[in-house]
């Protein structure tokens, strides 16, 4: 498994090249970035060279399609997915991810039908470029009441959605925070197989009842109460060997420098990964 990073928890000012170079300096092996934007900023040959020189791969790209809202917005966005998928292919990235909120203001049956159709359409485009689509269920309890109606928020429900989509390149994005806030066990992970896991996020939680944990108030890896060695060892048992990307959502931007945050993150990864 690769030690990976997202930009979440590092502020918004860092550009891709600096992020990749710092990740390499602190012994990380992958970064989650927008491959299309990276190529537009640096050109394909230079973008490839930056990754190769730093021995870094792109763990996953974000799905650049707003599939949750109006049909007009979806149709406007999906035309751009081909270029994003091609950019991922050009830079050797094989994974793309999106999240599913656990509640909605739309009637659930209709929204489920729309979700299946739209994500299937996205998966078909991605599949043409050898890119898998990871779906992330979202666990924090407060988001279950954000919309008028409950929607998907468990791992099993997400697996049922994946079955309904019916594309072999669709699987789970597992996140330690969502695993923890939905009260799942090691067995809930170990009974999965590698093909069912597209990508993994890692982060930590405060010592609070899980019902009180907020989605945008997480801790850095190894600084909280989640049993992250258990989480990682369970994933390892499935045969998954892709990126484990830190994603730390916070209510306010970090006040520490990017270098300080990178040191802090490395310490957490060293602590947690020493047990696997």
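The values are calculated or read from the model by the stated rules, or taken from the named source; none is laboratory data. Just so it is clear, the structure is predicted and the values come from calculations on it, not from any experiment. FYI the Cβ positions are ideal-geometry reconstructions off the backbone, even for glycines, and counts take in every protein chain you see.
Descriptive notes on the structure:
- Qualifying residue in segment 120-129 (condition: at pLDDT 95 or above, in contact with a strand residue (DSSP E or B) (Cβ under 9 Å, 6 or more places away or on another chain) and in a strand (DSSP E or B)): no
Matching residues to (1) assigned to a loop (DSSP other than H, G, I, E, B); (2) within 21 Å of residue 134 (Cα to Cα); (3) within 15 Å of the chain's Cα centre (by Cα); (4) modelled with pLDDT of 95 or more:
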{"residue": "192", "(1), (2), (3), (4)": "yes, yes, no, yes"}
{"residue": "201", "(1), (2), (3), (4)": "no, yes, yes, yes"}
{"residue": "206", "(1), (2), (3), (4)": "yes, no, no, yes"}
{"residue": "211", "(1), (2), (3), (4)": "no, no, no, yes"}
{"residue": "215", "(1), (2), (3), (4)": "yes, yes, yes, yes"}
{"residue": "224", "(1), (2), (3), (4)": "yes, no, no, yes"}
{"residue": "229", "(1), (2), (3), (4)": "no, no, no, yes"}
{"residue": "239", "(1), (2), (3), (4)": "yes, yes, no, yes"}
{"residue": "244", "(1), (2), (3), (4)": "no, yes, yes, yes"}
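- Unmet criterion (only one of (1) at pLDDT 95 or above; (2) farther than 26 Å from residue 85 by Cβ) for residue 145: (1)
- Test: residue 245 is in contact (Cβ under 8 Å) with a residue 12 or more places away in the chain and touching a helix residue (DSSP H, G or I) at 6+ places or on another chain (Cβ under 6 Å): no
- For segment 117-132, the criterion of being under 30 Å from residue 254 (Cα atoms) and within 16 Å of the chain's Cα centre (by Cα) is met by no residue.
- Number of positions in segment 167-187 that are free of Cβ contacts under 8 Å to residues at least 60 places away in the same chain and closer than 11 Å to residue 155 by Cβ: 7
- Only residues that are touching a residue at least 60 places away in the same chain (Cβ under 8 Å) and either assigned to a strand (DSSP E or B) or touching a strand residue (DSSP E or B) at 6+ places or on another chain (Cβ under 9 Å) (or both) were counted in segment 140-154, giving 1.
Quick grid of which residues meet (1) closer than 23 Å to residue 216 by Cβ; (2) touching a helix residue (DSSP H, G or I) at 6+ places or on another chain (Cβ under 7 Å):
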| residue | (1), (2) |
| --- | --- |
| 75 | no, no |
| 93 | no, yes |
| 133 | no, yes |
| 142 | yes, no |
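- Residues in segment 188-199 that are exposed (fewer than 15 other Cβ atoms within 10 Å of the Cβ) and touching a residue at least 40 places away in the same chain (Cβ under 8 Å): 3 in all.
- Within segment 246-276, the set of residues being outside any loop (DSSP other than H, G, I, E, B) and farther than 18 Å from residue 30 by Cβ comprises 259, 260, 263, 264, 267, 271.
- Out of 39, 56, sole residue that is buried (at least 18 other Cβ atoms within 10 Å of the Cβ) and under 21 Å from residue 244 (Cα atoms): 56
- Qualifying positions in segment 11-68 - free of Cβ contacts under 8 Å to residues at least 12 places away in the same chain and not in a loop (DSSP other than H, G, I, E, B): 40, 45, 46, 49, 52, 53
- For segment 165-187, a residue qualifies if it is outside any strand (DSSP E or B) and either within 14 Å of the chain's Cα centre (by Cα) or surrounded by 14 or more Cβ atoms within 10 Å (Cβ to Cβ) (or both), and the qualifying residues are 165, 167, 169, 176, 177, 178, 179, 180, 181, 182, 184, 186.
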